[in-house]
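One structure below.
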Amino acid sequence: MALDWKTLEVFAEHLENAELERRAITKITDDYPDLSWEEAYAIQDCIRARKVARGVRITGLKMGLTSLAKMRQMGVEDPIHGFITDYGMVPDGGEIAMDALIHPKVEAEVGFVLKRPLSGPGVDIDMVLAATDRIVPAVEVIDSRYRDFKFDLKSVIADNTSAARYVVGSSATPFAASDLHRLNVVLEKNGSVVAEGVGAAVLGHPAASVAMLANMLGRKGEGWEVPAETLILTGGITEAVSVARGDWIDVRYKDFGSLSFHFV
Ligand code: OOG
Ligand code: MG
């Protein structure tokens, strides 16, 4: 890594302050075009360490840009991973304060909770399904800290993959995890359908996203794994939809459950 810890810390503080003060900033790669993948993840790790040091609990991990719809929407071509927090959790039926966010968008996802940890290399869909404790309907509220949601892959990795809030469905019907590629999802805003999708949009099968995460973390080094008993968001099935104060979001997962929340 060309950047020393102190410089990574400066970038991390800049990005985290943008989140905490809900201010849009310019991309990290505008200031530092030579940013490497390793440095981008190191900035994200540094943001995570800053939060943990303040008493924030890390509640899970997320994959991003795992669907073609999302890759096309953002103009990038590789999945990325980040982390989610206790203060990001919003109950099903709950409200999200617009004041705390910059320009949020919502996307329908599927969440996994494992019963035993997984770490690559060599993790595949079958290994994920065998290690799965449960799956849940989930919606992620992303909120890029970058102006107009414009970024490149390295900048969005440093920005913890735009992670902001998430909602987990409280009343899931049993649904076979192995069938998740057939899961149909409809996202409504104020009673109108604004996005639709099928589980296969996520790398062919949402479990493939968990496998990819385990393999990415395995490459990162010793001690990195997909933990058990934490929520893993597998990435948007639908493209992300912009929201405004007063909007109601309802997401229906066929034969699986639904969830709703609104912005105040
Ligand atoms: C990056 C985060 C993408 C997903 O589910 O694809 C993501 C972004 O689009 O801002 O969370
Ligand atoms: Mg997402």
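The values are calculated or read from the model by the stated rules, or taken from the named source; none is laboratory data. The structure presented is a predicted model; accordingly, all values stated were derived computationally and were not measured. In this analysis, Cβ positions are derived from the backbone assuming ideal geometry, glycine residues included, and neighbour counts consider all displayed protein chains. Note: accessible area is taken over every heavy atom of the protein model, side chains too, but ligands, DNA and RNA are not part of it. Shrake-Rupley method; radii C 1.70, N 1.55, O 1.52, S 1.80 Å.
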Exercise. Test each condition in (1) surrounded by fewer than 21 Cβ atoms within 10 Å (Cβ to Cβ); (2) assigned to a strand (DSSP E or B) for Glu16 and report the one that comes out false.
Key: (2)
Practice problem: Filter region 169-206 for residues that are hydrophobic (A, V, I, L, M, F, W, C), open to solvent by 30 Å² or more (accessible area, probe 1.4 Å) and in contact (Cβ under 8 Å) with a residue 24 or more places away in the chain and give the result. | Solution: Ala172, Phe175, Val186, Val194, Val198, Ala201, Leu203
Practice problem: Being in contact with a Phe, Trp or Tyr (Cβ under 8 Å, 6 or more places away or on another chain), modelled with pLDDT of 95 or more and within 15 Å of ligand 1 (Cβ to nearest atom) is the filter here, so list the residues in region 72-108 that pass it. | Solution: Ile84, Gly88, His103, Pro104, Lys105, Ala108
Practice problem: Please verify whether region 27-40 includes one or more residues that are buried (at least 20 other Cβ atoms within 10 Å of the Cβ), modelled with pLDDT of 95 or more, of a type outside the set (Phe, Trp, Tyr) and closer than 11 Å to Phe83 by Cβ. | Solution: no
Quiz item: Just wondering, is there one or more residues in region 59-69 that are out of contact with any Pro (no Cβ under 9 Å at 6 or more places or on another chain), away from ligand 2 (no atom under 16 Å from the Cβ) and farther than 20 Å from Leu203 by Cβ?
Solution: no
Self-check item: Qualifying residue in region 113-132 (condition: open to solvent by less than 10 Å² (accessible area, probe 1.4 Å) and within 11 Å of ligand 1 (Cβ to nearest atom))
Solution: no
Quiz item: When you go through Gly235, Gly246 one by one, which is the residue that is more than 16 Å from ligand 2 (Cβ to nearest atom) and open to solvent by less than 50 Å² (accessible area, probe 1.4 Å)?
Solution: Gly246
Quiz item: List, please: which pairs have Cβ atoms under 6 Å, are six or more places apart or on different chains, and start with a residue in region 47-63 that is part of a loop (DSSP other than H, G, I, E, B) and end with one that is more than 16 Å from ligand 2 (Cβ to nearest atom)?
Solution: Arg57/Asp86
Practice problem: Considering only residues that are charged (D, E, K, R) and part of a loop (DSSP other than H, G, I, E, B), look in region 251-264 and name the one that is nearest to the chain's Cα centre (by Cα). | Solution: Lys254
Exercise. Find all pairs meeting these conditions: Cβ atoms under 6 angstrom apart; at least six residues apart or on different chains; first residue within region 207-220 and at negative phi; second residue part of a helix (DSSP H, G or I) and modelled with pLDDT of 95 or more.
Key: Ala207/Ile125; Ala207/Val128; Ala207/Leu129; Ala208/Ile125; Val210/Val128; Ala211/Ile125; Ala211/Val128
Quiz item: Could you list, in sequence order, the residues of region 20-56 that are touching a strand residue (DSSP E or B) at 6+ places or on another chain (Cβ under 8 Å) and either closer than 15 Å to Arg145 by Cβ or not hydrophobic (A, V, I, L, M, F, W, C) (or both)?
Solution: Ala24, Ile25, Thr26, Lys27, Gln44, Arg48, Lys51
